[in-house]
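Beneath this line is the structure, given in structure tokens, with notes to follow.
The values are calculated or read from the model by the stated rules, or taken from the named source; none is laboratory data. Treat the numbers as computed from the prediction; the structure is a model and nothing was measured. Every residue, glycine as well, gets a Cβ built from its backbone with ideal geometry; the counts of neighbours run over all protein chains shown. When the accessible area is computed, the model is the full protein with side chains, heavy atoms only, and any ligands, DNA or RNA have been set aside. Shrake-Rupley method; radii C 1.70, N 1.55, O 1.52, S 1.80 Å.
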Amino acid sequence: MRYESIPNTLFIKNRSNFIAQMKPNTIAILTANDVKHNNADDVMGFVQNNDLFYLSGVDQEETILVLYPDALKEKNKAMVFIKETNAHIKIWDGEKLTKEQAALISGIERVEHVQDFEMVLQYMAFEADGFYLGHNEHLKRVTKDQETQQDRMIKWCKEKYPLHEYYRAAKITRDLRPVKSIEEIKLLQKAADISVSSFIRVLKACKPMMKEYELEAELTYNLVKSGAAHHAFQPIVASGKNACALHYNTNDDRCNNGEMILLDFGVCYANYNSDTTRCIPVNGKFSKRQKEVYSAVLRCLKEGSKFLIPGILPSDYEAKMVCLVEEELIHLGLLNADAIAVQDPKNPLYKKYFMHGTAHYIGLDVHDVGLYSRKIEAGMVFTCEPGIYIPEEGIGCRLENDYLINAKGNVNLTAAMPIEIEEIERLMNTKKI
Ligand code: GLY
Ligand code: MN
Ligand code: MN
């Protein structure tokens, strides 16, 4: 792995919390994600299933985790099944995890080869009353035409054991994953730190007439050099009016003199993610109007992030942020207070310039799992990302940081990323790379 090894105490603790929520006499089975193939014989890379990773730390394809806390035999209480290597794999792909390595990573003593999974399961299955299986329960999951390993496991298990009870493992992990452990916070901080150095590289590389993808290349260079696995998501490098398309990521336009560029990018380190947005002037100097819009969004970020504290409901936080943005839209001359007073509450006027939510959980997923009907708690990590988009002026501005909630309020994990206008201009006008 590119990342430093993670103490297995994290996965031992996660399993113990997971098991505490399982119904009596049930077995949990978690599977690895598929390796996605492209047109021919190449693959698009492997990203581990986050629930499996959370509970085992095993970051290899074709892994299966089985937990049976009420098993009669001690050795059946937890086991990991891993892909067995062979001479062919060694020659073409290199080393795979040994049983000893998988045991060390996960803190699970019993490690078997994946071809033995069905037989081993059968020896315990009829002792148990039910199964917990993994499934993607994300609100915005994309499922069209994609059968996953989880779908296949559900189908297989229900065919083979039709009279058992079935339960959702994701219902438990979505309760546990939002509150981060010390070990996880360190990894999130590392991802945030790499984002900071990537942004500073962009500030020093940016000049008029560059293509947006040249700045994307600076982000990519820095994250790979820093030991991150990949971008947390396809980075957005959007100059001028492109910044008004919220998920623009073709990054193939020219950065013209006088425009502002929005960069929304994240780093995935050890499967943990950062998610940050900054806006910079192509020529190193914000115009008067860009400064006005930028300062308005920055005030919303500074004030709004103060509401990300224990005890508040995400919907109440979002309502407070809306008030801040609305006020700024009036000051910018984009909205009129009288018109707001009589607006249709179902179709508020601010939506013309500000059309997205401003806080999401972040962790093993960028838009991490967790219920938004749950009050914010210490240990959770949220983004804060207000924005104002004015296509008719060719200006789109969003600013985004990642905040760890603590008992007193929050800590900005991305505090080292330059955000003040003067600092951005100063860095852009010092030594270039
Ligand atoms: N980059 C996606 C987001 O900010 O949520
Ligand atoms: Mn973002
Ligand atoms: Mn975000």
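Data for the structure
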{"item": "Qualifying residue in the stretch 251-261 (condition: closer than 13 Å to residue 387 by Cβ and within 16 Å of ligand 2 (Cβ to nearest atom))", "result": "no"}
{"item": "Given (1) more than 20 Å from residue 403 (Cα to Cα); (2) aliphatic (A, V, I, L, M); (3) buried (at least 22 other Cβ atoms within 10 Å of the Cβ), index of the condition residue 263 fails", "result": "(1)"}
{"item": "Given (1) over 22 Å from residue 431 (Cβ atoms); (2) in a strand (DSSP E or B); (3) more than 20 Å from the chain's Cα centre (by Cα), index of the condition residue 261 fails", "result": "(1)"}
{"item": "Some residue of the stretch 240-250 being farther than 30 Å from residue 180 by Cβ, away from ligand 1 (no atom under 16 Å from the Cβ) and touching a residue at least 12 places away in the same chain (Cβ under 8 Å)", "result": "yes"}
{"item": "Flag for residue 296 being assigned to a helix (DSSP H, G or I) and crowded, with 18+ Cβ neighbours inside 10 Å", "result": "yes"}
{"item": "Given (1) open to solvent by 10 Å² or more (accessible area, probe 1.4 Å); (2) of a type outside the set (Ser, Thr, Tyr); (3) within 19 Å of the chain's Cα centre (by Cα), number of the condition residue 242 does not satisfy", "result": "(3)"}
{"item": "Within the stretch 20-49, considering residues that are open to solvent by less than 20 Å² (accessible area, probe 1.4 Å) and in contact with a Ser or Thr (Cβ under 9 Å, 6 or more places away or on another chain), the one farthest from residue 93 (Cα to Cα)", "result": "30"}
{"item": "Checklist (1) within 14 Å of ligand 3 (Cβ to nearest atom); (2) over 27 Å from residue 381 (Cβ atoms); (3) not charged (D, E, K, R) applied to residue 277, failing item", "result": "(2)"}
{"item": "Criterion (in a helix (DSSP H, G or I), modelled with pLDDT of 95 or more and hydrophobic (A, V, I, L, M, F, W, C)) met by exactly one of 30, 55, 97, 65", "result": "55"}
{"item": "Candidates 62, 84, 109 - the one that is over 22 Å from the mean Cα position of the chain (by Cα), on the phi > 0 side of the Ramachandran plot and open to solvent by 10 Å² or more (accessible area, probe 1.4 Å)", "result": "62"}
{"item": "Boolean, residue 231 is surrounded by fewer than 24 Cβ atoms within 10 Å (Cβ to Cβ) and touching a Ser or Thr at 6+ places or on another chain (Cβ under 8 Å)", "result": "yes"}
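Per-residue answers, yes or no, for (1) at positive phi; (2) within 16 Å of ligand 2 (Cβ to nearest atom); (3) without any contact (Cβ under 8 Å) to a residue 24 or more places away in the chain:
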| position | (1), (2), (3) |
| --- | --- |
| 357 | no, yes, no |
| 374 | no, no, no |
| 378 | no, no, no |
| 392 | no, no, yes |
| 400 | no, yes, no |
| 433 | no, no, no |
